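Participant: One structure coming up, written as structure tokens, with questions to follow.
Any read-out appearing in this document is the output of simple, stated calculations on the displayed coordinates, not a laboratory observation. What you are looking at is a predicted structure, and each value in this text was computed from that prediction instead of being measured. Every residue, glycine among them, receives a Cβ derived from its backbone with ideal geometry; neighbour counts consider all protein chains shown.
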Amino acid sequence: MSAEDILSDSAGSTSGDRFVEISYDDVIPNNVALGSDKQLQRALEGWRPKYLDWWSGMGPVGYQQSEVYLRTAVGVDPAGWAKFGYVKMPTYRWGILLAPKVEGRTIPFGRHKGEPAWQEVPGEHRALLRRLIVVQGDTEPASVEQQRFLGATAPSLYDMRNLFQVNVEEGRHLWAMVYLLVKYFGKDGREEAQALLERQSGQMDNPRILGAFNERTPDWLSFFMFTFFTDRDGKMQLAALAESGFDPLSRTCRFMLTEEAHHMFVGETGVQRTIEATCAAMVKAGVKEPNDVEAARQLGIVDLPLLQRKLNFHASVTRDLFGADISSNAAEAFSSGIKGRFNEGNLKGDDHLLQDATYPVTRVVDGRLVVEEAPALRALNARLLDDFIVDCQGGIDRWNKSVEKAGVAFKFVQPHKGFNRRIGEFAGKRISPAGEVLTEEQWAAKSGDWLPNDDDMRFIRSLMKPCHEPGKYATWIAPPRVGVNNQPGDFEYVKIA
Ligand SMILES: [Fe+2]
Ligand SMILES: [Fe+2]
């Protein structure tokens, strides 16, 4: 199917007014009746060529003229919002898609709780709201920039396609935030939209806003760990913003979450398939001891202790994205009804105001870890981080099932919350993965066992050889159980031009 076929199909659901139809006739596909807001349409059409410039300059290196088997959103109906077909990435239909409006929605938390959700920006919260949208928006193009060199070393066409799917959808997430900025924040919104294309991941003078988004994603293990951990931070932030009293933000984030689920799937199954290849090769070669790193590496697979170190690194760097555990900004965002907690609407047993509530926060006092009750309002970042850690564990348990099934004696564990942190209560403290407070000397002696070392990175680099033949996979990763959109095993996911 060509891009044109996708577009000529009448898009979206026509079953009554529950789902807003997506117009693919417009230059910018949308379900926000863009055509009836000429000023907004002009502003976004003016931004679009700059976006395309950014995509060609800072997006995936190579493969831009290749036909990639991508899904394009054609509706916001959860039952069938996507269509699959071959698309050249620069012609991807990036659009503006909001989840359906919930009639009569009220603000679910904070001091405006119970009031009708805002359809316009409340003046008193304008600056804070804009900041949150800019920070979220900044992460989207950043991840595309971080991943731009990976196509050349893809371990299969299936994986290459998944990478590009994630990339175009992160591009669409940028559109989602830019829509909010341009529509609701006037001149400063347009300036912020421009600045989102100017900051660059890892650039000294004008870096991306958050630290983890300036780290490199130099290899495929990093990509899978990034999509497992860091895209999951995206999920947690989007889920908290989906509770927002500012309804357009809530609706935007709700639709973004459907795309985010796929990114985490790519990460979880990517690591899982790596584990499967490792365990299968170890069993076949009779390597019983998971810590016999040399024996494993000679088989052309990633040893499990190295995967654990990668896990430790990506988990800890991503946890820093949640910000200071105790934060008056987080309290203000909650009280003013702008950013809720994870799953706010379904949380039972509290008043959603948190005036008198407390929350347990771990901190280091006199060289020991102590749990203290902090005012819940100021501990919202700590809480979202705890929810994130719980959310990660499901995937890690599934990884461990794979190891167990193969009969290998090894278990992946999440490092302690305080391990390798630069932001929050544990910043500047030395804490082991098991949660012991260490001296600087103890840390220096052991950290190479806990975080990827130079030797690890060299070995990973040596594995990163392209495998671009349909149906073939690099030695270090197992094929997926099911193809994208149920395609057969030898399907040509990318027709390399
Ligand atoms: Fe995203
Ligand atoms: Fe994502």
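Participant: Would you list, by chain and number, the lysines whose Cα falls below 17 Å from the Cα of LYS284, excluding same-chain residues fewer than 8 positions away?
Facilitator: The reachable lysines, counting only those whose Cα sits under 17 Å from LYS284, are LYS405.
Participant: Given axes a ≥ b ≥ c from the Cα gyration tensor, I'd like to know whether the stretch 187-241 is rounded (a/c under 1.5), prolate (a/b larger than b/c) or oblate. Don't skip to the answer; put the middle values down first.
Facilitator: Values: a/c = 3.08, a/b = 1.34, b/c = 2.29.
Since a/c reaches 1.5 but b/c is at least a/b, the shape of the stretch 187-241 is classed as oblate.
Participant: Taking 1 over the mean of 1/r across every pair of different Cα atoms in the chain, what Kirkwood radius in Å do you get?
Facilitator: Values: mean 1/r = 0.0420 Å⁻¹.
Hydrodynamic radius (Kirkwood, Cα pairs) of the chain is 23.8 Å.
Participant: How big is D, in µm² s⁻¹, for the stretch 227-370 by Stokes-Einstein at 20 °C and 1.002 mPa s if Rh is the Kirkwood radius over C-alpha pairs?
Facilitator: Details: Rh = 18.5 Å.
Translational D for this selection: 116 µm²/s.
Participant: Could you rank the peptides 441-454, 131-144, 41-54 by their average count of other C-beta atoms within 10 Å per residue, with the highest value first? Provide the component values of the computation, followed by the final result.
Facilitator: Numbers: 441-454: 14.0, 131-144: 22.6, 41-54: 15.8.
Most protected by this proxy first, the peptides run 131-144, 41-54, 441-454.
Participant: How big is the gap, in Å, between the Cα center of the stretch 433-451 and the Cα center of the stretch 365-403?
Facilitator: Taking the Cα centre of the stretch 365-403 as reference, the centre of the stretch 433-451 is 20 Å away.
Participant: For the chain, calculate the relative contact order in percent as a whole number, restricting contacts to Cα pairs under 8 Å that are 6 or more residues apart. Please list the in-between numbers first.
Facilitator: Values: 848 pairs, mean separation 88.9, N = 497.
Relative contact order for the chain comes out at 18 percent.
Participant: Across all directions of projection, what mean area in square nanometres is found for the Cα convex hull of the stretch 419-497? Before the final figure, lay out the partial values.
Facilitator: Numbers: hull surface 36.4 nm².
It is 9.1 nm².
Participant: Full-extension gain between ILE496 and LYS101, please, as 0.36 nm times their residue separation minus the C-alpha to C-alpha distance. Mind showing how you got there, number by number?
Facilitator: Numbers: separation 395, 0.36 × 395 = 142.20 nm, distance 4.08 nm.
Working it through step by step, the gained length comes to 138.1 nm.
Participant: Over the stretch 312-370, with a single point scatterer placed on each C-alpha, what log10 of the ratio I(q)/I(0) does the Debye formula yield at q = 0.17, 0.20, 0.21, 0.27 1/Å?
Facilitator: The Debye formula, applied to the Cα set alone, gives -0.80, -1.01, -1.06, -1.23.
Participant: Do any of LYS88/LYS495; LYS50/LYS88; LYS38/LYS101; LYS288/LYS446; LYS83/LYS339; LYS401/LYS465 go past 20 Å between their Cα atoms, and which?
Facilitator: Numbers: LYS88/LYS495 10 Å; LYS50/LYS88 18 Å; LYS38/LYS101 22 Å; LYS288/LYS446 25 Å; LYS83/LYS339 32 Å; LYS401/LYS465 28 Å.
Among LYS88/LYS495; LYS50/LYS88; LYS38/LYS101; LYS288/LYS446; LYS83/LYS339; LYS401/LYS465, the Cα-Cα distance tops 20 Å for LYS38/LYS101; LYS288/LYS446; LYS83/LYS339; LYS401/LYS465.
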